[in-house]
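The values are calculated or read from the model by the stated rules, or taken from the named source; none is laboratory data. Note that the coordinates shown come from a computational prediction; the quantities given were computed from them, not determined experimentally. Don't worry about glycine lacking a Cβ; one is built from the backbone with ideal geometry, like all the others, and counts go over all protein chains shown. Just so you know, the surface numbers come from the protein's heavy atoms only, side chains and all, with ligands and any DNA or RNA stripped out. Shrake-Rupley method; radii C 1.70, N 1.55, O 1.52, S 1.80 Å.
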Amino acid sequence: MTRPHRGGGLAGSPVVPYPHGGLARHANLPPGERLRVLLVEDDEGDAFLVGELLAETNSMIDLVVATSLSEARQRITGVDCVLLDLGLPDAQGLDGLRQVLEMSSGAAVCVLTGRSDEHMGIVAVAEGAQDYLVKGQVDGVLLTRALRYAVERKRADVNARRLHEVELRQAESARLERGLLPQPLMTTDQVAVHTFYRPGRHAALIGGDFFDVVQTRPDRLDLIVGDVCGHGVDEAALGVELRVAWRALVLAGVPDDEVLPALEQVLMSERRLQEIFATVATARLDLDAKRATVRLAGHPPPLLLSGGRVVPVPAPGGLLLGVRPRRPIAYDLEFDTDDWSLLMYTDGLIEGRVGVGNERLDVPGLSGLLDEPANREVSLPELPAWLVGRAEQINGGPLADDVAMLLVSRGGGR
């Protein structure tokens, strides 16, 4: 066997010997190519042999030796792998393994067993160790390979666990998204409702926008579109709470003028910061009376498509929910024909840029898109997605904010 040189060097640099033969970390070697192994072994002869085997194969493994579990606890920081003897003065068998697994964090664990208790190695792997070696049946090549394989196996286990955690979080986010995107609670066939929702961040599943549709009588529908400021999970959860609260208030028959003030109370009690606010647009459709009542709380106005024209509903803008409690002013909208569509949307649709300056699409720009001859060829169910595509084309890229839309249509819809 090639013996390590005591106090000598590699490539002209000094090397500090570890006890029993292992070599210290070499500063000039590329990072990531060396492993730091903690040997927990109370037998000085066995520890010396491990160091000799590693040195003999030029393993590029730095060996640190601890003679007890308590000493190992002090030296385990920064270790890639723990090579553990199952017979220690302060821990025996699987009890010692469990303690090492608890303290080792991201380090791999490989156990050493005797010939007579090789079965303990199999049990140790079942308990969470990455591998086991039998004393007296190991040479330098096998030892080096086992340690490196154990480290890679541990990394694979960690990556698999992280992937599983990510998948669980995505599943939770998907469930929350289903709460954000409810099925319209309606049975009438007098109107058709088409919805659209997409977070501003394309990799995200959730955002702070919300919408809902509830039918309370055969000829009456209530609609809401809202936007909680922000884009994270907290804002999305608050959006769900507001939507569910609004649906409960409407189904409970709360007077129209009291619904949004009550919703504002929910917002103010559930928000995590006082700076959090929401904008909301609601509409009550009385189909037999051919009219709608629109209320805005700091939200952009709906657009009415009728008679080949696109007109913003001139409802008073109102104040943001959560800023200064105040009842929104109701606006009565009359439908002149039985062919119309009402588009309700969040401001993420109209905040994209127009051209190279700071000009935004805004409500007039959105009305212009709906006036384009090309949209006449787009079916009503596809119209919301078409609008987003056109807005992104003008913006020169994806829209930054969440986008939610409700398109309610009667007859030909235009």
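Give me the helices (runs of 4 or more DSSP H) completely within the range 42-129, filtered to those with at least 3 residues that are more than 40 Å from the chain's Cα centre (by Cα), ordered by residue number.
44-56, 118-127
Considering only the range 104-117, state which residues are surrounded by 18 or more Cβ atoms within 10 Å (Cβ to Cβ), among the small types (G, A, S) and either within 18 Å of S70 (Cα to Cα) or without any contact (Cβ under 8 Å) to a residue 24 or more places away in the chain (or both). Walk me through how you get there before you give the answer.
Keep residues of the range 104-117 that are surrounded by 18 or more Cβ atoms within 10 Å (Cβ to Cβ), which gives 104, 107-113.
After this cut, where a residue has to be among the small types (G, A, S) as well, the list is 104, 107-108.
S104, A107, listed by residue number.
List the number of the failed condition for E334; all other conditions in (1) without any contact (Cβ under 8 Å) to a residue 40 or more places away in the chain; (2) surrounded by fewer than 12 Cβ atoms within 10 Å (Cβ to Cβ); (3) farther than 21 Å from D227 by Cβ; (4) not polar (S, T, N, Q) hold.
(1)
Looking at L101 and the list (1) farther than 20 Å from V125 by Cβ; (2) hydrophobic (A, V, I, L, M, F, W, C); (3) open to solvent by 30 Å² or more (accessible area, probe 1.4 Å), which single condition is not satisfied?
(1)
Spot the failing condition for A297; the list is (1) without any contact (Cβ under 8 Å) to a residue 40 or more places away in the chain; (2) under 34 Å from the mean Cα position of the chain (by Cα); (3) farther than 16 Å from V323 by Cβ, and only one is missed.
The one condition A297 does not meet is (3).
List every residue pair whose Cβ atoms sit under 8 Å apart, with the two residues 6 or more apart in sequence or on different chains, where the first one lies in the range 259-277 and is open to solvent by less than 30 Å² (accessible area, probe 1.4 Å) and the second, anywhere, is aromatic (F, W, Y).
V259/W246; L263/W246; L267/F277
Right, R326: modelled with pLDDT of 95 or more and outside any helix (DSSP H, G or I) or not?
Values: modelled with pLDDT of 95 or more: no; outside any helix (DSSP H, G or I): yes.
Answer is no for this residue.
Can you name the number of the only condition in (1) closer than 30 Å to L263 by Cβ; (2) in a helix (DSSP H, G or I); (3) at pLDDT 90 or above that A150 fails?
(1)
Looking at G298, G352, G322, can you tell me which residue is closer than 17 Å to L387 by Cα and not basic (K, R)? Please lay out each step first, then the result.
On the way: G298 fails: closer than 17 Å to L387 by Cα; G322 fails: closer than 17 Å to L387 by Cα.
Testing whether each residue is closer than 17 Å to L387 by Cα and not basic (K, R) leaves just G352.
How do the pairs read when you match residues in the range 313-324 that are under 14 Å from I276 (Cβ atoms) with residues anywhere that are part of a loop (DSSP other than H, G, I, E, B) and of a type in the set (F, W, Y), using Cβ under 7 Å and keeping only pairs 6 or more apart or on different chains?
Every condition considered, the pairs that remain are L320/F277; L321/F277; G322/F277; V323/F277.
Checking the structure you have, find out if any residue of the range 164-173 is out of contact with any strand residue (DSSP E or B) (no Cβ under 8 Å at 6 or more places or on another chain), modelled with pLDDT of 85 or more, among the polar types (S, T, N, Q) and farther than 18 Å from L35 by Cα.
no
Only one of (1) more than 19 Å from M344 (Cβ to Cβ); (2) out of contact with any Lys or Arg (no Cβ under 6 Å at 6 or more places or on another chain); (3) not small (G, A, S) is not met by N395, so which one is it?
Looking at each condition in turn, N395 falls short on (2).
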